[in-house]
Each structure stands twice: as structure tokens, then as C-alpha cells.
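J.: Below is the structure I would like to discuss, written out as C-alpha cells.
The values are calculated or read from the model by the stated rules, or taken from the named source; none is laboratory data. Predicted, not measured: the structure shown is a model, and the values here were computed from it. Reconstructed Cβ throughout: ideal geometry from the backbone, glycine too, with neighbour counts over all protein chains shown. Please note that ligands, DNA and RNA were not included when accessible areas were found on the heavy atoms of the full protein model with its side chains. Shrake-Rupley method; radii C 1.70, N 1.55, O 1.52, S 1.80 Å.
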Amino acid sequence: MADKAGDEDIAIVTRQLGRFPRGMVAIGARCVCGRPLAVVTRPVLPDGTPFPTTCYLTSPEAVKAVSRVEADGSMQHYTDLVVHDETLRSQYQYAHRLYLAFRHELAARLGDSEEHIAGTSAGGMPVRVKCLHALIAQTLVMGHGVNPIGDLVMERITDEFNPKVCRCTTELG
Ligand SMILES: [Zn+2]
């Protein structure tokens, strides 16, 4: 919420997604160049649709890199880590709780109902790994050390996507 989305941000995110970013209330993470990478979306969209993916990945470069990881069969590997590695599992559950706490605060500030998304975070948390885009969006918004799977994926794609190295192609202005 600290980094409110301005007109220029809305224009860039619209280009990144190919559609208007409904319910976007803040920029969650930026590239070194300043372009948004992930945005914060309100719990209830303006048309009343409940929206659980509070941290939403918008960088096309990141989306592409993460999609490649998903397509190469890694999802089972990451789910196995959550299932079998006790330390990682408790970190993953913590990431889930932080996600819910973050959204709860947002909902309270905006006066949005959480009725239809109560207990639901994103990406398959807290027991599975279903969407790496959602997990890496949390990592971008909340930083390293929050979501263990997001951290692993971030390391893995660093040669293609890294918020500290601008590889953005979305036009400005
Ligand atoms: Zn950039």
C-alpha cells in the first residue's frame, strides 16, 4: 500500500497484462528501472468478484521465465519438497499465514469483505505447489526469506529474470 499506483504505472501494467489491472491498489515490487513487476490487488474487485491472488505477477519477462519452470515438470519436485522436508514445510506454512495477514490488513483498510476467500492464499499454499507465478509474486512483494519455494524459483530463473537486472521490454509512456 505504501507504493500507490500512479497513472504511468497503470499504463505500464495494462501493457504488461494486455488488459486493465482491475482492483490494483499498489505496486508491490519494481524493477531497478522502476517498472512494476508485481502488484497488490484488493480482496474484492470493483465488480464484486472475490480475488484471492493479492500479490499478482505482472512482469512479462518473469511470467515467461516462471512458465518455463512450470512446464519442465518441476511442480512435482517442489510439491515433494513441501511434503517431505519438514523445515521447508513449516516455512511454507508461515508464508501462507503471512499472505493471509497481509490481505487481512488490506481488506480492513479498504473495507473489503474476505468472506469468500477466507483461509485461501495463493499458489497452492499451504500444502501444495500449484502456481509458481503466485509464489514468486509473494517473494517479490515481501522479499527473500518469506516463501521458500518462491526463493528457490527466483534463484533458478536469475539468468532470465532478476529484479536487480533490467531486462524489461514493456514500453514506457
Ligand atoms: Zn526494468
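J.: Considering only segment 26-68, state which residues are among the charged types (D, E, K, R), farther than 15 Å from residue 9 by Cβ and touching a helix residue (DSSP H, G or I) at 6+ places or on another chain (Cβ under 7 Å). Walk me through how you get there before you give the answer.
T.: Residues of segment 26-68 among the charged types (D, E, K, R): 30, 35, 42, 47, 61, 64, 68.
From what's left, farther than 15 Å from residue 9 by Cβ: 42, 47, 61, 64, 68.
Correct list: 42 only.
J.: Only residues in segment 23-42 that are touching a residue at least 12 places away in the same chain (Cβ under 8 Å) count as the first member; pair them with residues that are among the acidic types (Asp, Glu) and surrounded by fewer than 24 Cβ atoms within 10 Å (Cβ to Cβ), Cβ under 6 angstrom, at least 6 apart or cross-chain, and list the lot.
T.: Close Cβ pairs satisfying both conditions: 26/3; 27/3; 27/9; 36/9; 42/112.
J.: Still on this structure, I have one more. Looking only at segment 1-10, how many residues end up being free of Cβ contacts under 8 Å to residues at least 24 places away in the same chain and within 15 Å of residue 170 (Cβ to Cβ)?
T.: So the first thing to find is which residues in segment 1-10 are free of Cβ contacts under 8 Å to residues at least 24 places away in the same chain, and the list is 4, 6-7, 10.
Imposing the further condition that a residue be within 15 Å of residue 170 (Cβ to Cβ) reduces the set to 10.
Number of matching residues: 1.
J.: If you don't mind, there's one more thing I want to ask. Considering only residues that are among the polar types (S, T, N, Q) and more than 24 Å from residue 106 (Cβ to Cβ), look in segment 123-173 and name the one that is farthest from the ligand (Cβ to nearest atom).
T.: The extreme case among them is 158.
J.: Answer with yes or no whether residue 97 is basic (Lys, Arg) and under 20 Å from residue 150 (Cβ atoms).
T.: yes
J.: Then there's this: Conditions: (1) touching a residue at least 60 places away in the same chain (Cβ under 8 Å); (2) more than 21 Å from residue 34 (Cα to Cα). Residue 169 meets all but one. Number of the miss?
T.: (2)
J.: Across segment 122-146, what is the number of residues that are crowded, with 24+ Cβ neighbours inside 10 Å, without any contact (Cβ under 8 Å) to a residue 60 or more places away in the chain and closer than 12 Å to residue 53 by Cα?
T.: 3
J.: Next question. Does residue 103 count as under 18 Å from residue 146 (Cα atoms) and away from the ligand (no atom under 16 Å from the Cβ)?
T.: yes
J.: Can you find a residue that is closer than 13 Å to residue 38 by Cβ, surrounded by 19 or more Cβ atoms within 10 Å (Cβ to Cβ) and either in contact with a Leu (Cβ under 7 Å, 6 or more places away or on another chain) or in contact (Cβ under 8 Å) with a residue 12 or more places away in the chain (or both) anywhere in segment 105-121?
T.: For segment 105-121, residues closer than 13 Å to residue 38 by Cβ, surrounded by 19 or more Cβ atoms within 10 Å (Cβ to Cβ) and either in contact with a Leu (Cβ under 7 Å, 6 or more places away or on another chain) or in contact (Cβ under 8 Å) with a residue 12 or more places away in the chain (or both): absent.
J.: Quickly run through segment 1-11 and pick out the residues that are farther than 23 Å from residue 123 by Cα and either touching a helix residue (DSSP H, G or I) at 6+ places or on another chain (Cβ under 7 Å) or away from the ligand (no atom under 16 Å from the Cβ) (or both).
T.: Those that are farther than 23 Å from residue 123 by Cα and either touching a helix residue (DSSP H, G or I) at 6+ places or on another chain (Cβ under 7 Å) or away from the ligand (no atom under 16 Å from the Cβ) (or both): 2, 4, 5, 6, 7, 10.
J.: Give segment 83-104 a look and list any residue that's basic (Lys, Arg) and either open to solvent by less than 70 Å² (accessible area, probe 1.4 Å) or touching a residue at least 40 places away in the same chain (Cβ under 8 Å) (or both), or say none.
T.: Once the filter is applied, which keeps residues that are basic (Lys, Arg) and either open to solvent by less than 70 Å² (accessible area, probe 1.4 Å) or touching a residue at least 40 places away in the same chain (Cβ under 8 Å) (or both), segment 83-104 yields only 103.
J.: Tally time: how many residues in segment 147-173 are among the hydrophobic types (A, V, I, L, M, F, W, C), touching a helix residue (DSSP H, G or I) at 6+ places or on another chain (Cβ under 8 Å) and open to solvent by 20 Å² or more (accessible area, probe 1.4 Å)?
T.: Looking only at segment 147-173, we keep the residues that are among the hydrophobic types (A, V, I, L, M, F, W, C), and these are 149, 152-154, 157, 161, 165-166, 168, 172.
From the residues that got through so far, the ones that are touching a helix residue (DSSP H, G or I) at 6+ places or on another chain (Cβ under 8 Å) too are 149, 152-154, 157, 161, 168, 172.
Keeping just the survivors that are open to solvent by 20 Å² or more (accessible area, probe 1.4 Å) gives 152, 154, 168, 172.
Selection size over segment 147-173: 4.
J.: Filter segment 12-57 down to the residues that are small (Gly, Ala, Ser), more than 15 Å from the chain's Cα centre (by Cα) and more than 15 Å from the ligand (Cβ to nearest atom) and list them by number.
T.: Once the filter is applied, which keeps residues that are small (Gly, Ala, Ser), more than 15 Å from the chain's Cα centre (by Cα) and more than 15 Å from the ligand (Cβ to nearest atom), segment 12-57 yields 18, 48.
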